[in-house]
Amino acid sequence: MAFAALALSSCTQKEQASFKTPTYEFSATDTTWKTLSVREKIGQTMMVVAKFEDHKAAADGTIKSFMEKYPVGSLFIADWYIKEKAKGQDPLQVLASLLKEYNASAKYPLLVCEDFERGIGETYSKYTHLPVGMALGAAGDTSLAYDLGQSIALEAKEMGFNWLLHPVSDLNMNPLQELVVERSVSDDVNKALPILKGQMNGLHKQGVISTVKHFPGDGVTMRNQHIVTTANSLPKAEWDATFGKLFAGLIDNGAASIMVGHIQLPAYQTEKINGQLPPATLSKELMVDLLKNKFNYKGVIITDALNMGGCAGYYKNEDEVAVQCFAAGADVVLWPSLAYMDTVEARINRGEIPMSRLDDAVARVWAMRERFGLNVKTDSLSTPMTEEAKQLVQNTGTAIAEKAVTLVEDRNSSLPLKVENGKKILVVEVGEEMSESKMEVTKKEFESRGFQVDIMDNPHFYQWGYRIDSLNSYDKILVCFENRYFHPLGTCLLKNKEVFAVWTANMTDPSKRIAISYANPYSLDIYEALAPVKINAYSIDAFSQKAVVRALCGEIPFVGVSPVKLNPDALK
């Protein structure tokens with residue numbers, strides 16, 4: 001087995017027997033990596049943001065000279081950078097041009113990366129915005145998880161991406177953890193593991209590298225690792241039986257890369273930096289002793305982004321943090337500065353970092369390249385999609401959404417909705433960064449069925465308080481939540497205009513309200529306890545909106561099952 005008995009200490013013999021021995025190879029037969037120069041080897045341990053203009057400025061004004069001076073192995077094509085660089089141009093054309101020049105200038109094949117946890121359509125409108133992880137958990141269908149992995153991989157490959165930073169393999173144990181929430185599959189390892197295996201297998205089927213994240217597992221405490229170091233505070237036996245079991249199972253299933261988070265695991269750590277247990281990104285105990293040795297993980301360890309607050313403060317600056325992540329056992333560091341290459345080279349030459357550390361990292365990266373056929377350079381990084389592949393994506397989005405939509409409560413048996421019983425619907429949007437277009441799909445779907453629909457974007461109670469009775473002219477009021485992470489950054493609970501929107505909605509006749517969450521599944525019980533109809537849809541994409549309307553109108557049954565415990569003690 002590819003995992004240690006330690007990680008399975010709480011598993012039964014039957015559970016242990018269910019894990020399969022890997023059939024793939026983690027060691028490279030291609031030994032080309034041994035002929036690389038020291039700088040070329042260091043480049044294989046770097047995933048840098050593809051800041052085109054900055055990279056040209058770092059050399060003599062061309063990407064060719066940049067790649068000769070800084071022969072990086074992996075590029076992260078950040079959507080925000082492409083949008084900024086596009087300035088009115090088609091972002092896809094900008095992306096294609098950028099990748100073409102990097103690829104032509106690289107001596108070895110490039111690994112091209114993004115997250116794309118929710119599919120690609122949120123950033124690039126040609127492509128598809130798909131349901132998020134918790135929708136998979138609610139659907140509970142491993143074949144759909146497999147197809148989701150394939151769908152995202154197929155669209156990513158057409159754009160030129162071959163390494164994706166998902167699936168999110170955290171467990172949403174703390175409902176106040178703002179970063180995990182609907183990105184995770186479940187709060188239960190036994191529900192999450194088969195779904196995550198399916199998603200990973202779908203990515204791998206299409207030749208795209210997956211990334212299991214975030215070891216040793218997020219979702220236990222309230223802290224957000226973008227801001228501060230967080231922790232998986234579970235006792236050893238409980239961690240073994242939950243996160244330990246999860247990571248062991250995914251390793252056995254062929255995890256190609258594992259992202260370590262800015263997360264402490266006190267149950268397995270004793271060594272401190274500046275008086276504090278370091279996050280996994282800086283911990284030899286977690287990356288080498290636990291993951292590489294006890295779990296016998298032979299794949300690639302990549303860090304989470306090094307511009308995050310969760311790894312700051314342990315060393316004097318961000319550059320030193322990147323170097324120390326590598327020294328502690330990371331094989332690829334995410335978003336280091338170019339100074340990282342110069343510093344690691346100097347320390348290897350001085351013997352401060354052993355060459356064996358660098359060779360271990362490069363051998364792992366090269367084996368991953370070989371496994372996915374990414375060690376042979378091609379003229380183009382793009383693999384065009386077939387019509388069959390495009391149809392798979394659409395069918396998958398529809399099927400997941402329709403199996404995921406969860407009827408939490410219909411207290412008065414008021415469903416389905418029928419035009420003859422009341423055709424006027426008000427949609428109240430609740431979300432810091434929502435706009436009318438977010439719920440426009442819902443409006444069109446209802447109107448196509450004969451309903452009359454108005455949308456209010458975060459109606460502010462101070463403007464509506466004196467005329468709240470006018471809203472009772474509507475037959476139904478849909479209170480729609482989309483308060484997902486980073487929207488805004490800082491809390492999974494509502495604040496500012498979101499709170500005023502709920503306040504406004506809650507002053508209307510409760511018998512008319514239908515509360516729907518397209519994100520955080522706990523929002524309904526926290527903010528809409530009086531609403532007689534409550535629905536969790538988990539994701540704001542068009543597939544999910546269409547599925548909600550179809551279910552509300554009785555065209556499909558509600559079959560989703562909540563993948564998390566609702567109304568936990570922490571929220572009462």
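The values are calculated or read from the model by the stated rules, or taken from the named source; none is laboratory data. Since the model is a prediction, treat every value here as computed from it, not as a measurement. Here the Cβ is made from the backbone with ideal geometry for all residues, glycine too, and neighbour counts use every protein chain on show. All accessible areas refer to the heavy atoms of the entire protein, side chains included, with ligands and DNA or RNA removed. Shrake-Rupley method; radii C 1.70, N 1.55, O 1.52, S 1.80 Å.
Give the range 169-181 a look and list any residue that's hydrophobic (A, V, I, L, M, F, W, C) and either open to solvent by 10 Å² or more (accessible area, probe 1.4 Å) or part of a loop (DSSP other than H, G, I, E, B) (or both), or say none.
Selection gives Leu171, Met173, Leu176, Leu179, Val180.
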Hey, any hits in the range 388-402 for a residue that's touching a His at 6+ places or on another chain (Cβ under 9 Å), within 30 Å of Lys534 (Cβ to Cβ) and in contact (Cβ under 8 Å) with a residue 60 or more places away in the chain?
-> yes
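Can you name the residue in the range 365-405 that is outside any loop (DSSP other than H, G, I, E, B) and among the small types (Gly, Ala, Ser) and, of all such residues, is surrounded by the most Cβ atoms within 10 Å (Cβ to Cβ)? Don't jump to the end; show me each part of the working.
In the first step, residues of the range 365-405 are kept if they are outside any loop (DSSP other than H, G, I, E, B); the result is 365-371, 387-404.
Okay, now just the ones that are also among the small types (Gly, Ala, Ser), so 367, 389, 397, 399, 401, 404.
Working: Ala367: 23, Ala389: 18, Gly397: 28, Ala399: 19, Ala401: 29, Ala404: 31.
The extreme case among them is Ala404.
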Go through the range 508-523 and give me each residue that's at pLDDT below 95 and among the aliphatic types (A, V, I, L, M).
-> Ala519
Given the conditions (1) free of Cβ contacts under 8 Å to residues at least 24 places away in the same chain; (2) crowded, with 23+ Cβ neighbours inside 10 Å; (3) of a type outside the set (Ser, Thr, Tyr), which single one is not true for Gly202?
-> (1)
Tally the residues that are charged (D, E, K, R), assigned to a helix (DSSP H, G or I) and open to solvent by less than 50 Å² (accessible area, probe 1.4 Å), restricting the search to the range 327-359.
-> 4
Counting only residues that are farther than 30 Å from Val208 by Cα and among the small types (Gly, Ala, Ser), the range 237-283 contains a total of 3
Got at least one residue in the range 551-560 being in a helix (DSSP H, G or I) and among the aromatic types (Phe, Trp, Tyr)?
-> no
Residue count for the range 246-256, restricted to those that are surrounded by fewer than 24 Cβ atoms within 10 Å (Cβ to Cβ) and either in contact with a strand residue (DSSP E or B) (Cβ under 7 Å, 6 or more places away or on another chain) or outside any helix (DSSP H, G or I) (or both) = 4
Among (1) open to solvent by less than 10 Å² (accessible area, probe 1.4 Å); (2) over 18 Å from Ile302 (Cα atoms); (3) not charged (D, E, K, R), Pro216 falls short only on (2)
Residue among Asp360, Asp319, Asp304 that is in contact (Cβ under 8 Å) with a residue 24 or more places away in the chain, touching a Leu at 6+ places or on another chain (Cβ under 7 Å) and not polar (S, T, N, Q) | Asp304
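Conditions (1) out of contact with any Leu (no Cβ under 8 Å at 6 or more places or on another chain); (2) farther than 21 Å from Val181 by Cβ; (3) part of a loop (DSSP other than H, G, I, E, B), marked per residue:
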| site | (1), (2), (3) |
| --- | --- |
| Ile425 | no, yes, no |
| Glu429 | yes, no, no |
| Val441 | yes, yes, no |
| Met456 | no, yes, no |
| Pro459 | yes, yes, yes |
| Tyr466 | yes, yes, no |
| Ile477 | no, yes, no |
| Asn483 | no, no, yes |
| Gly490 | yes, no, yes |
Counting only residues that are among the acidic types (Asp, Glu) and farther than 24 Å from Lys51 by Cβ, the range 310-365 contains a total of 3
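Across the range 116-148, what is the total count of residues that are on the phi < 0 side of the Ramachandran plot, in a loop (DSSP other than H, G, I, E, B) and either hydroxyl-bearing (Ser, Thr, Tyr) or at pLDDT 95 or above (or both)?
Looking only at the range 116-148, we keep the residues that are on the phi < 0 side of the Ramachandran plot, and these are 117-118, 120-139, 141-148.
Then keep just the ones that are in a loop (DSSP other than H, G, I, E, B); that gives 118, 120-128, 130-132, 141.
From what is left, the residues that are either hydroxyl-bearing (Ser, Thr, Tyr) or at pLDDT 95 or above (or both) are 123-125, 127-128, 130-132, 141.
Summing the residues that are on the phi < 0 side of the Ramachandran plot, in a loop (DSSP other than H, G, I, E, B) and either hydroxyl-bearing (Ser, Thr, Tyr) or at pLDDT 95 or above (or both) in the range 116-148 gives 9.
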Residues satisfying the stated conditions in the range 257-271, i.e. touching a Ser or Thr at 6+ places or on another chain (Cβ under 6 Å) and either touching a residue at least 60 places away in the same chain (Cβ under 8 Å) or open to solvent by 30 Å² or more (accessible area, probe 1.4 Å) (or both) | Ser257, Met259, Val260
Scan the range 216-226 and give yes if some residue there is assigned to a helix (DSSP H, G or I) and modelled with pLDDT of 95 or more, otherwise no.
-> no
All positions within the range 485-527 that are among the β-branched types (Val, Ile, Thr) and either surrounded by fewer than 16 Cβ atoms within 10 Å (Cβ to Cβ) or free of Cβ contacts under 8 Å to residues at least 40 places away in the same chain (or both) | Thr491, Val499, Ile514, Ile516
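Return yes when Lys107 is assigned to a helix (DSSP H, G or I) and in contact (Cβ under 8 Å) with a residue 12 or more places away in the chain and no when it is not.
Taking the combined requirement at face value, the residue does not satisfy it.
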Filtering the range 135-184 down to residues that are in contact with a strand residue (DSSP E or B) (Cβ under 6 Å, 6 or more places away or on another chain), polar (S, T, N, Q) and more than 13 Å from Leu196 (Cβ to Cβ) yields Asn162
